[in-house]
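Reviewing the structure listed below.
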Amino acid sequence: MRMTSQTLQKARDFEKQYIPFVPEEERAQFHVTGGIGWINDPNGFSTYKGEYHLFHQYYPYEPIWGPMHWGHLKTHDFIQWERLPAALAPDMPYDKNGCFSGSAIELPDGRQLLMYTGVREERHADGSTRAYQTQCLAIGDGVNYEKLDINPVLTEKDIPRGNSALDFRDPKIWKEEDAYYAVIGNRPADGSGSVLIFRSEDALHWQLLGPMASNHGQYGMMWECPDYFRLDGKDVLLVSPQEMSPIGLEFHAGNGTVCMIGQLNEQKHLIRENVHAIDYGIDFYAPQTLKAFDGRRIMIAWMQNWDTSRSQPKGIRIWGQMTLPRELSIRDGRLIQQPVRELQNYYGEKIAYRNVPLSTETILTGVRGRVIDLTVNVRPANGSVMYRSFRMNLAKDGEHVTTIKYKPEQGIVRVDRSRCGFRFDIVHVREFPVYSKNGCIKLRAVLDKHSLELFVNDGEQAATFVLHTDVSADVISFEADGEVLMDVEKYDLVFNRDE
Ligand code: FRU
């Protein structure tokens, strides 16, 4: 194995020196955070030697985006993670400006292959600089990786004529019986986005097959971080488009996430049957999936969004976290998401109430907390009389509150975190359509200190939000406009995490 480069060694030394000093309050209890500094996209979420590995976009030196490294963790159960030293640093001529997103796979000889985007800036005669993106490989043993001499393995020469070499990134690799495949985001000549599919016999030498999907300006522009998999008899393609225009309440402006469900034809082009948002919250981007040892398809995403990611509170040492890993399935043509079932192994005290009548603001003894899994089942108290709204207040104290409101007649859930402690005038409210009937809705809120992940009707929809509220604000209350009955089940989530 080649010696670790100075750039990588510097990052690893920095980690050793400063990770121990990150204050515990800054870390989520069971969500992945970076060792130190900044993180964005999950990378290389994959199985290796009986464990699950997760890498991520990483700038250790400050809690802001910088020349990208890869951070690294592994787990047995998606909840307790072991942190490993930084895996990649921008230390070669072809990736000197960043090791951008990519993926990982176990090779037949037991080594682990990383495929990532190398970024190389070049200055042109007119004084402008351009960042060229190529695909690169590194092979290692689960801790140390050597970049291959044949890098870069995919360049401008390998993409369709007229497509941009400046927007060619985020390879996601998988293996089928006959060969390895990879999907990679690229910008075609019309300036929008497409996902190219490549094939390889040995995972080292790659050939373009063609576009798996293109957007022609629909669903945003450049498509970042594609992920493809088969699930429940369907072909599924996830992409994270830049520059979305809003479409009703389904897609919001800016960086979004899109799930396309359909069937691949013989040219491996996706014939779409259904297209919808993956997550309806504010803080969710660049999801990546793996197939677990027991066959489940598990997805994890960056719990942030580019448009809100520059809102770091002053003085923090780590910024950015991942969502909970979520189990995926398809129901009625839609992607269903549930927190991994392993979360239940960490259930502490249970508090449950049934048939609680609700109108004015109500606090239930024992129902509070900021590291909890809380499910509320709501229905009209008198079946034939519809209520106007149900509201759940979370992370509440005298000054702060985050609200989840359901309006049955409009069929809309509205989450408002504008009083959660952010000191930035960024997006704080999201509304999205839900598919509840007769005023019955099931809301599951997973809170982990500075985040809220909401799952509606057993994962029919998910909505993810970062909260800035101090963890001492842990009051929960419920109210209704009209007559409502509700059941409540709350578990504390308990475990020790060693850093
Ligand atoms: C998505 C993304 C990727 C890129 C990476 C850079 O969030 O923009 O397209 O590889 O982040 O950090």
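Ile298 - would you say it is within 16 Å of the ligand (Cβ to nearest atom) and either of a type in the set (Ser, Thr, Tyr) or in contact (Cβ under 8 Å) with a residue 40 or more places away in the chain (or both)? Write out each step before concluding.
On the way: within 16 Å of the ligand (Cβ to nearest atom): no; either of a type in the set (Ser, Thr, Tyr) or in contact (Cβ under 8 Å) with a residue 40 or more places away in the chain (or both): yes.
Criteria not met by Ile298.
Condition first: open to solvent by less than 30 Å² (accessible area, probe 1.4 Å) and away from the ligand (no atom under 16 Å from the Cβ). Now tell me which residues in the range 156-187 satisfy that.
Ala179, Tyr180, Tyr181
Of all residues in the range 321-332, which are touching a residue at least 12 places away in the same chain (Cβ under 8 Å) and either more than 23 Å from Leu290 (Cβ to Cβ) or under 11 Å from the mean Cα position of the chain (by Cα) (or both)? It would help to see each step written out before you state the result.
Going residue by residue through the range 321-332, those that are touching a residue at least 12 places away in the same chain (Cβ under 8 Å) are 321-331.
Across the range 321-332, the qualifying residues are Gln321, Met322, Thr323, Leu324, Pro325, Arg326.
For a quick check of your reading of the model, give me the residue pairs whose first member lies in the range 74-95 and is in contact (Cβ under 8 Å) with a residue 12 or more places away in the chain and of a type in the set (Val, Ile, Thr), whose second is assigned to a loop (DSSP other than H, G, I, E, B) and buried (at least 19 other Cβ atoms within 10 Å of the Cβ), with beta-carbon atoms closer than 6 Å and at least 6 apart or on different chains.
What qualifies is Ile79/Phe30.
Within the range 53-64, identify whether any single residue is touching a Pro at 6+ places or on another chain (Cβ under 6 Å) and part of a loop (DSSP other than H, G, I, E, B), and answer yes or no.
The answer is no; no qualifying residue exists.
Which of the numbered conditions does Glu24 fail, given that it passes all the others? Conditions: (1) of a type in the set (Asp, Glu); (2) open to solvent by 10 Å² or more (accessible area, probe 1.4 Å); (3) touching a residue at least 40 places away in the same chain (Cβ under 8 Å).
(3)
Considering each residue of the range 151-183, count those that are among the charged types (D, E, K, R) and without any contact (Cβ under 8 Å) to a residue 40 or more places away in the chain, and give that number. Walk me through it before giving the result.
Pass one, the range 151-183, residues among the charged types (D, E, K, R): 156-158, 161, 167, 169-170, 172, 175-178.
Narrowing further to those that are without any contact (Cβ under 8 Å) to a residue 40 or more places away in the chain: 156-157, 161, 176-178.
Residues that pass the stated criteria total 6.
Which one of these is within 13 Å of the ligand (Cβ to nearest atom), out of contact with any Gly (no Cβ under 8 Å at 6 or more places or on another chain) and not basic (Lys, Arg): His31, His69, His56? Walk me through it before giving the result.
Details: His31 fails: within 13 Å of the ligand (Cβ to nearest atom); His56 fails: out of contact with any Gly (no Cβ under 8 Å at 6 or more places or on another chain).
One residue alone meets the criteria, His69.
Can you name every residue in the range 336-380 that is under 28 Å from the mean Cα position of the chain (by Cα) and at positive phi?
The one that is under 28 Å from the mean Cα position of the chain (by Cα) and at positive phi: Gly369.
Considering Val371, Val376, which residue is open to solvent by 10 Å² or more (accessible area, probe 1.4 Å), touching a Leu at 6+ places or on another chain (Cβ under 6 Å), in the same structural domain as Ala462 (by TED's automatic domain parsing) and under 26 Å from Phe495 (Cα atoms)? Reasoning before the result, please.
Values: Val376 fails: open to solvent by 10 Å² or more (accessible area, probe 1.4 Å).
Answer to the check: Val371.
Do we find that Gly44 is at positive phi and assigned by TED's automatic domain parsing to the domain that holds Thr33 in this structure? Lay out the reasoning, then the answer.
Numbers: at positive phi: yes; assigned by TED's automatic domain parsing to the domain that holds Thr33: yes.
So Gly44 fits the description; yes.
For the range 72-129, enumerate the residues that are within 16 Å of the ligand (Cβ to nearest atom) and surrounded by fewer than 13 Cβ atoms within 10 Å (Cβ to Cβ).
Correct list: Glu121 only.
Kindly state which strands (runs of 3 or more DSSP E) lie completely within the range 360-419 and contain at least 2 residues that are without any contact (Cβ under 8 Å) to a residue 24 or more places away in the chain and of a type outside the set (Ser, Thr, Tyr). Before you say what the answer is, go through the steps one by one.
Working: elements: 371-380, 389-396, 401-407, 412-419.
Filter on the range 360-419 gives 401-407, 412-419.
Might you let me know whether the range 345-368 holds any residue that is closer than 23 Å to Gln304 by Cβ, at pLDDT 95 or above and surrounded by 14 or more Cβ atoms within 10 Å (Cβ to Cβ)? Before the answer, list the steps.
Just the residues of the range 345-368 that are closer than 23 Å to Gln304 by Cβ, to begin with: none.
No - not one qualifying residue is present in the range 345-368.
Could you give me the residue pairs with C-beta distances under 8 Å whose first residue belongs to the range 100-116 and is of a type outside the set (A, V, I, L, M, F, W, C), whose second residue is within 16 Å of the ligand (Cβ to nearest atom) and open to solvent by 30 Å² or more (accessible area, probe 1.4 Å) wherever it lies, and which are 6+ apart or on separate chains?
Tyr116/Phe100
Can you give me the number of residues within the range 36-52 that are of a type outside the set (A, V, I, L, M) and within 16 Å of the ligand (Cβ to nearest atom)?
Restricting attention to the range 36-52, the residues satisfying the condition of being of a type outside the set (A, V, I, L, M) are 37-38, 40-52.
Of the ones still in play, those that are also within 16 Å of the ligand (Cβ to nearest atom) are 37-38, 40-45.
Total satisfying the criteria: 8.
Considering the range 430-451 alone, what residues qualify as being open to solvent by 50 Å² or more (accessible area, probe 1.4 Å) and either hydrophobic (A, V, I, L, M, F, W, C) or within 28 Å of Asp470 (Cα to Cα) (or both)? Talk me through it step by step, then tell me what you get.
Quick first cut of the range 430-451, residues open to solvent by 50 Å² or more (accessible area, probe 1.4 Å) only: 431, 435, 437-438, 440, 442.
Of everything in the range 430-451, those that are open to solvent by 50 Å² or more (accessible area, probe 1.4 Å) and either hydrophobic (A, V, I, L, M, F, W, C) or within 28 Å of Asp470 (Cα to Cα) (or both) turn out to be Glu431, Cys440, Lys442.
Only one of these conditions is not met by Phe293: (1) open to solvent by 20 Å² or more (accessible area, probe 1.4 Å); (2) without any contact (Cβ under 8 Å) to a residue 60 or more places away in the chain. Which number is it?
Condition (2) is where Phe293 drops out.
Only one of Leu324, Leu328 is assigned by TED's automatic domain parsing to the domain that holds Lys74, open to solvent by 10 Å² or more (accessible area, probe 1.4 Å) and within 19 Å of Asn43 (Cα to Cα); which?
Leu328
May I ask you to list the residues in the range 452-474 that are in contact with a Cys (Cβ under 6 Å, 6 or more places away or on another chain) and either of a type in the set (Lys, Arg) or open to solvent by 20 Å² or more (accessible area, probe 1.4 Å) (or both)?
Initially, the range 452-474 is screened for residues in contact with a Cys (Cβ under 6 Å, 6 or more places away or on another chain), giving 467-469.
Answer for the range 452-474, where residues must be in contact with a Cys (Cβ under 6 Å, 6 or more places away or on another chain) and either of a type in the set (Lys, Arg) or open to solvent by 20 Å² or more (accessible area, probe 1.4 Å) (or both): just His468.
Do the conditions hold for Ser477, that is, is it open to solvent by 40 Å² or more (accessible area, probe 1.4 Å) and not aromatic (Phe, Trp, Tyr)?
On the way: open to solvent by 40 Å² or more (accessible area, probe 1.4 Å): no; not aromatic (Phe, Trp, Tyr): yes.
No: the conditions fail for Ser477.
The values are calculated or read from the model by the stated rules, or taken from the named source; none is laboratory data. Remember, predicted model here, so these are calculated numbers, not experimental data. Reconstructed Cβ throughout: ideal geometry from the backbone, glycine too, with neighbour counts over all protein chains shown. Heavy atoms of the whole protein, side chains included, go into the accessibility calculation; ligands, DNA and RNA do not. Shrake-Rupley method; radii C 1.70, N 1.55, O 1.52, S 1.80 Å.
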